[in-house]
Amino acid sequence: MKRMILTGLLLVISACAFAQGVENQLVDAVSLYNNRSYSKSLALLQTLSKAAPDNDAIHYYMGLDEAMLGHAEAAIGHLRKAMELDPHNYWYKRRLANLYEASGEDEMVVEMYESILSEFPDKTEVSYDLLGLYLKQQKFEKALQALSDIEKVTGPGEQITRTRYDIYRQLGRGEEAIRTLEDFNDDFTSPSILSMMGDYYLGEDRDSLALSCYEEALRTQSDYVPALLGKSEVYRITRRYPEYFATMDAFIDNDNVPVEAKGMYVGNMVRSLDPTIINLHRNGFDGMVERLRQRHPADSTILGTAGGYYYATGRVDQAVDCFRKSADLYPESLAQTVSLIQLLGMAERWEEVRDRSIAAFDRFQELGFMDYLNMADYNLKDYDAIINNCRYLIVRSKDNPEVQKSSWSQIGDMYHLKGNTKEAYKAYEKALKIDPDYAPVLNNYAYYLSLEGKNLKKAYKMSKKTVEAEPDNATYLDTFAWILHLQGKDLEAKPFFKHAMLYGGKDSAVMLDHYAEVLYALGDYDLAKVYWNQAKAKNTDGEIPDLDERVAARLKAVGK
């Protein structure tokens with residue numbers, strides 16, 4: 001009898017020791033997990049799970065390890081097992097829900113959250129997560145119920161009110177939406193909710209009611225920005241411009257508004273207005289922009305806003321001054337430098353474009369500034385400078401075929417402008433050696449050959465490549481059709497000219513003249529006269545010097 005009692009006692013002691021050993025090793029596994037040694041932690045837990053298969057904590061941490069190792073399916077399996085072993089553990093359910101969410105299984109997440117809340121209704125963080133899922137899935141009625149459940153725990157709040165309002169608006173239930181705001185406002189004072197009420201009434205063309213809401217919001221918080229902007233919008237819509245400008249002054253003077261936000265808002269607002277309105281109230285808008293500059297004289301966003309305003313209202317000098325100041329204040333800003341050079345180009349201040357582009361290239365080493373430099377030199381008719389610029393780029397960019405062929409192309413164009421066709425064609429050949437299908441060079445080379453009336457077969461082959469590559473390019477179509485005309489193939493040329501007219505050809509005096517010549521050659525004198533008249537209307541800069549005399553002679557010869 002004593003032997004049996006002793007044996008039983010040994011078994012109890014052995015079981016306790018075993019349990020203590022499992023717990024100690026579990027602590028070690030958790031420590032490995034916390035130290036991000038997930039593989040080692042998982043290996044230890046897998047050994048423990050064989051000895052204690054019904055230990056929920058082991059399965060829970062195995063699930064966490066698998067999740068961190070990227071094994072989502074295995075992680076879900078272990079967490080589900082842990083939850084089966086301890087179905088009332090909040091964290092098991094929450095982590096499992098998180099895994100489902102990470103896997104994009106929204107329906108399973110909803111199911112888990114709903115299960116958690118049925119057992120733990122005071123877990124508002126889960127309620128908010130569930131609300132987010134309902135909104136994501138556009139289950140608006142369930143979202144409204146979730147808001148009510150949250151409100152029972154937390155009481156009324158601005159965020160709950162705003163979300164309920166947004167849901168009602170999504171459902172097209174405007175009266176319930178505004179009632180939500182009004183009910184909250186009856187019990188609490190909130191500039192945010194009052195401003196939302198103002199926005200709603202403004203959208204319903206109830207200007208007076210909107211204004212009263214904004215003013216009440218500002219009595220609560222005098223510098224509340226949404227109310228200031230809402231109030232200014234009421235004044236603008238109702239054309240009460242003195243009050244509008246006064247309200248905008250308060251917005252501009254508000255130190256709580258980020259400077260960038262002020263510049264962006266005023267810039268967007270000015271761009272959206274009818275220029276006639278701006279002209280009618282020029283002093284007010286000028287004052288608003290000047291106030292911005294005075295408040296923030298060294299801010300690049302404000303200077304850009306002011307410069308854009310002055311340019312839009314025809315005051316190029318003032319616009320340039322703003323962009324120049326910004327670029328000089330922030331010499332290391334690539335964006336400010338580019339903006340200034342672009343504006344100088346739009347203002348056709350080519351010497352400044354040239355000087356700024358050279359300085360910018362030296363500072364930033366960006367090849368794009370060489371394009372601006374070439375544009376300036378072209379407009380200054382300094383073709384030799386462009387040739388030198390391009391040769392520099394060729395040497396600098398030996399491993400860049402795009403820059404190489406583009407540079408040789410421009411060199412060819414400049415030599416042609418200088419009247420040196422021999423050097424122009426050499427440059428074109430070098431470009432085509434890099435890329436035999438380079439359309440800009442093929443087109444120009446072919447066109448210049450056609451102007452000389454020689455080697456038309458070569459010109460035809462090159463031009464044919466361009467229209468095959470870009471069949472809707474009016475310039476390429478015109479070149480190809482004109483070569484066909486010079487080859488005496490006017491019937492073949494005509495459809496290419498017709499197609500060119502559909503894709504911008506009617507904007508070019510040269511293309512209109514070419515088409516008219518083909519029509520004339522085909523005996524369609526009346527239609528040729530129509531296109532010649534259009535060509536003369538477009539030839540305001542004298543691009544075709546002999547156009548009027550030549551057309552008069554052509555038409556006189558056929559009695560037109």
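Each reported figure results from applying straightforward, stated rules to the coordinates on display, with no laboratory input. Quantities reported herein were computed from a predicted structural model and do not represent experimental measurements. Here the Cβ positions follow ideal geometry from the backbone for every residue, glycine too, while neighbour counts run over all protein chains shown.
General remarks:
- Here r is the Cβ-Cβ distance between Asp317 and Leu417 and R0 is 22 Å; the resulting FRET efficiency, rounded to 0.05, is 0.10.
- Rounded FRET efficiency, nearest 0.05, which uses the C-beta distance separating Ile358 from Tyr128 and R0 of 60 Å: 0.55
- Check: segment 313-460 dipole with +1 on Lys, Arg Cβ and -1 on Asp, Glu Cβ, in debye: 600
- In straight-distance terms, cross-link reach from Lys81 covers every one of the aspartates and glutamates whose alpha-carbon lies under 16 Å from its own, apart from those fewer than eight places away in the same chain; here that gives Asp54, Asp56, Asp65, Glu66, Glu73.
- The chain: calculated mean residue ellipticity at 222 nm from DSSP helix runs of at least 4, using -39500 (n - 2.57): -25500 deg cm²/dmol
- When the trypsin sites (Lys or Arg not before Pro) in segment 16-113 are filtered for DSSP coil states and for at most 15 other beta-carbon atoms within 10 Å of their beta-carbon, the remaining sites are Arg36.
- Residues of type aspartates and glutamates that Lys529 reaches as a straight line, Cα spacing below 20 Å, ignoring anything fewer than 8 places off in the same chain: Asp478, Asp490, Asp507, Asp513, Glu517, Glu543, Asp546, Asp548, Glu549
- Per principal axis, descending, Cα span of the chain in whole Å: 138, 68, 50
- Each label point was placed 7 Å from the Cα along the Cα-to-Cβ direction; for Asp526 and Tyr330 their separation is 6.3 nm.
- Three principal axis lengths of segment 437-560 [C-alpha, angstrom, descending]: 44, 26, 24
- Of Lys405/Lys538; Lys465/Lys489; Lys498/Lys536, pairs whose Cα-Cα distance is over 24 Å: Lys405/Lys538
- Projected label points at Arg295 and Asn35, each 7 Å from Cα along the beta carbon direction, are separated by 5.7 nanometres.
- Cα-based reach from Lys50 at 16 Å (exclusive), listing aspartates and glutamates while leaving out same-chain residues under 8 positions away: Glu23
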